[in-house]
1. Which residues, counting only those in the range 34-72, are among the aromatic types (Phe, Trp, Tyr) and modelled with pLDDT of 90 or more?
2. With of a type in the set (Gly, Ala, Ser) and under 24 Å from Ser51 (Cα atoms) as the only criterion, which of Ser139, Ser110 stands out?
3. Considering the range 120-170 alone, what residues qualify as being within 20 Å of Leu57 (Cβ to Cβ) and of a type outside the set (Asp, Glu)?
4. Residues Leu124, Leu168, Leu164, Leu114: which one is in contact with an Asp or Glu (Cβ under 8 Å, 6 or more places away or on another chain) and either of a type in the set (Lys, Arg) or closer than 30 Å to Thr66 by Cβ (or both)?
5. Please go through the range 71-119 and give me each residue that is over 17 Å from the mean Cα position of the chain (by Cα), among the hydroxyl-bearing types (Ser, Thr, Tyr) and closer than 20 Å to Lys61 by Cβ, ordered by number.
6. Answer yes or no: is there a residue in the range 83-91 that is charged (D, E, K, R), assigned to a loop (DSSP other than H, G, I, E, B), farther than 23 Å from Gln165 by Cβ and assigned by TED's automatic domain parsing to the domain that holds Leu167.
7. So, of the residues in the range 99-118 that are part of a helix (DSSP H, G or I) and of a type in the set (Gly, Ala, Ser), which turns out to be surrounded by the most Cβ atoms within 10 Å (Cβ to Cβ)?
Amino acid sequence: MIYPKINGPNLWGIFTIITPSQPGCERELDKFKYFNYDFCMRISTKLRYSSRLLVALAKAKGLVNTTDLGKELDVSPLYLRALAVSLEQKGLLESVRGARGGYKLAKPPSEITLLDIAETLENLNLVPCLDDPSVCPFSPTCKTRKVWLKLKNCIEEFLKKTTLQDLLEE
């Protein structure tokens with residue numbers, strides 16, 4: 001059986017193939033030299049851009065408007081505003097309206113985890129039966145469901161341990 005391992009402290013890196021017999025998944029067997037979407041799990045654009053948005057705000061240490069953020073991140077300011085609504089509702093961002101308005105972090109970077117960001121934007125379940133076993137008649141005896149659950153838990157634990165502060169210090 002082959003499990004993916006996330007290289008480094010960020011999720012948009014390249015995945016490594018490892019075998020389950022390796023304790024702690026430390027030993028790397030094969031690294032892909034080029035980023036190829038056919039060979040990796042996908043992280044949504046919403047999650048990637050939201051993470052970049054929050055890192056940029058953490059660096060700025062004050063109010064920044066979406067026009068400036070859009071130029072810095074090469075992302076549409078309208079798309080950033082749409083992402084910011086969800087992040088603000090979750091309590092990760094604060095907004096100030098008006099000509100000199102913008103966004104800032106609602107908490108210190110050390111208190112915002114990648115799991116906070118991910119849970120704001122999407123369901124981290126890799127397969128539907130992790131949320132609701134009744135969607136699949138094979139759930140009670142399915143051996144692969146247990147693997148997907150372990151992988152989900154591994155990903156969540158990694159995201160919980162990784163803060164914006166960690167990304168700033170890279």
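The values are calculated or read from the model by the stated rules, or taken from the named source; none is laboratory data. A quick note: this is a predicted structure, and the numbers were derived from the prediction, not measured. Positions of Cβ are generated from backbone atoms using ideal geometry, with glycine treated the same way; all protein chains shown enter the neighbour counts.
1. Tyr49
2. Every option except Ser110 fails the conditions.
3. Thr120, Leu121, Leu159, Thr162, Thr163, Leu164, Gln165, Leu167, Leu168
4. Of the residues listed, the single one that is in contact with an Asp or Glu (Cβ under 8 Å, 6 or more places away or on another chain) and either of a type in the set (Lys, Arg) or closer than 30 Å to Thr66 by Cβ (or both) is Leu124.
5. Selection gives Ser95, Tyr103.
6. No, that holds for no residue.
7. Top of the filtered list is Ala118.
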